[in-house]
1. Sort out which residues of segment A:88-114 are within 14 Å of chain B (Cβ to nearest Cβ), open to solvent by less than 50 Å² (accessible area, probe 1.4 Å) and either farther than 13 Å from A:ASN8 by Cα or aliphatic (A, V, I, L, M) (or both), and write them in order of number.
2. Assess whether B:TYR35 counts as being within 22 Å of B:SER94 (Cα to Cα), at pLDDT 95 or above and at the interface with chain A (Cβ under 10 Å from one of its Cβ atoms).
3. Mind checking which strands (runs of 3 or more DSSP E) fall wholly inside chain B and carry at least 1 residues that are closer than 28 Å to A:LYS49 by Cα and touching a helix residue (DSSP H, G or I) at 6+ places or on another chain (Cβ under 8 Å)?
4. What about B:GLU24, is it acidic (Asp, Glu), at pLDDT 95 or above and open to solvent by less than 80 Å² (accessible area, probe 1.4 Å)?
5. Return only the number of the condition from (1) polar (S, T, N, Q); (2) within 14 Å of chain A (Cβ to nearest Cβ); (3) within 15 Å of the chain's Cα centre (by Cα) that B:GLN41 does not satisfy.
6. If we scan segment A:38-51, do we find a residue that is within 11 Å of another protein chain (Cβ to nearest Cβ), over 23 Å from A:GLN113 (Cα atoms) and open to solvent by 50 Å² or more (accessible area, probe 1.4 Å)?
7. Among the residues of segment A:60-80, is any touching a residue at least 60 places away in the same chain (Cβ under 8 Å) and open to solvent by 40 Å² or more (accessible area, probe 1.4 Å)?
8. Quick one: is B:ALA92 closer than 20 Å to A:LEU102 by Cα and out of contact with any Phe, Trp or Tyr (no Cβ under 6 Å at 6 or more places or on another chain)?
Amino acid sequence: AQSVSQHNHHVILSEAASLELGCNYSYGGTVNLFWYVQYPGQHLQLLLKYFSGDPLVKGIKGFEAEFIKSKFSFNLRKPSVQWSDTAEYFCAVIFDTGRRALTFGSGTRLQVQP
Amino acid sequence: DGGITQSPKYLFRKEGQNVTLSCEQNLNHDAMYWYRQDPGQGLRLIYYSQIVNDFQKGDIAEGYSVSREKKESFPLTVTSAQKNPTAFYLCASSIAQRGMNTGELFFGEGSRLTVL
């Protein structure tokens, strides 16, 4: 069965540090890729998405992600984090299996220390 | 205000009882979803519906049931057959363009169910 893996469960960084959160999926077909963020006390919201074209996609709040097809990865990056980036981050995938719904990873809790 | 409304926000249930969680949206979205969120497990898909009067099982549908009689509404019933129902339940909706999911989900605030 198709799956999405996020190996970093809890990441602690200081402000201004660079961020990279890993996301891998297991599927050989076509995928659509997403990163969602859940700030404390708020709804989940979309950070960025990749459907096709340039594999480097930019999202809101300075985040970007790169799709590397050969590695089945879609890692999230930010050059310099802020305290306000403290949140839980979820990678999600739509697999072209006919199921038209997102499969989410287990999430990464990011804590940014001032 | 356009959005998704889930109710109740908190719910307590005795073992053996069924309970129904409400999800209403006024975004005119075709697709609706139910996810279950547990610490360390992310969001797991329970059921989804792309169109009125049609729905599909997700990864953890056992012990749950849904209906989609109206475009705006997608209630979830947690039945007594669900072995571990205590969880946080999230409802979401999205636009389906030409039958394809755009992937941008709009989430409700969630319902926390506790089984006593």
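1. Those that are within 14 Å of chain B (Cβ to nearest Cβ), open to solvent by less than 50 Å² (accessible area, probe 1.4 Å) and either farther than 13 Å from A:ASN8 by Cα or aliphatic (A, V, I, L, M) (or both): A:ALA92, A:VAL93, A:ILE94, A:PHE95, A:ALA101, A:LEU102, A:THR103, A:PHE104.
2. Details: within 22 Å of B:SER94 (Cα to Cα): yes; at pLDDT 95 or above: yes; at the interface with chain A (Cβ under 10 Å from one of its Cβ atoms): yes.
It is true that B:TYR35 is within 22 Å of B:SER94 (Cα to Cα), at pLDDT 95 or above and at the interface with chain A (Cβ under 10 Å from one of its Cβ atoms).
3. On the way: elements: B:4-7, B:10-13, B:19-25, B:31-38, B:42-51, B:54-57, B:64-66, B:76-78, B:87-94, B:111-115.
In chain B, there are no strands (runs of 3 or more DSSP E) which contain 1 or more residues that are closer than 28 Å to A:LYS49 by Cα and touching a helix residue (DSSP H, G or I) at 6+ places or on another chain (Cβ under 8 Å).
4. Details: acidic (Asp, Glu): yes; at pLDDT 95 or above: yes; open to solvent by less than 80 Å² (accessible area, probe 1.4 Å): yes.
Criteria met by B:GLU24.
5. With respect to (1) polar (S, T, N, Q); (2) within 14 Å of chain A (Cβ to nearest Cβ); (3) within 15 Å of the chain's Cα centre (by Cα), B:GLN41 is out only on (3).
6. yes
7. From segment A:60-80, those touching a residue at least 60 places away in the same chain (Cβ under 8 Å) are A:78-80; that's our starting set.
Then keep just the ones that are open to solvent by 40 Å² or more (accessible area, probe 1.4 Å); that gives A:79-80.
Yes, there is a match, as at least one residue in segment A:60-80 is touching a residue at least 60 places away in the same chain (Cβ under 8 Å) and open to solvent by 40 Å² or more (accessible area, probe 1.4 Å).
8. On the way: closer than 20 Å to A:LEU102 by Cα: yes; out of contact with any Phe, Trp or Tyr (no Cβ under 6 Å at 6 or more places or on another chain): no.
Against the criterion (closer than 20 Å to A:LEU102 by Cα and out of contact with any Phe, Trp or Tyr (no Cβ under 6 Å at 6 or more places or on another chain)), B:ALA92 does not qualify.
The values are calculated or read from the model by the stated rules, or taken from the named source; none is laboratory data. Owing to the predicted nature of the structure, the values given are computational and were not obtained by experimental measurement. Cβ coordinates were reconstructed from backbone atoms using ideal geometry, including for glycine residues, and neighbour counts include every protein chain displayed. These accessible areas exclude ligands, DNA and RNA; they are computed on the full protein's heavy atoms, side chains included. Shrake-Rupley method; radii C 1.70, N 1.55, O 1.52, S 1.80 Å.
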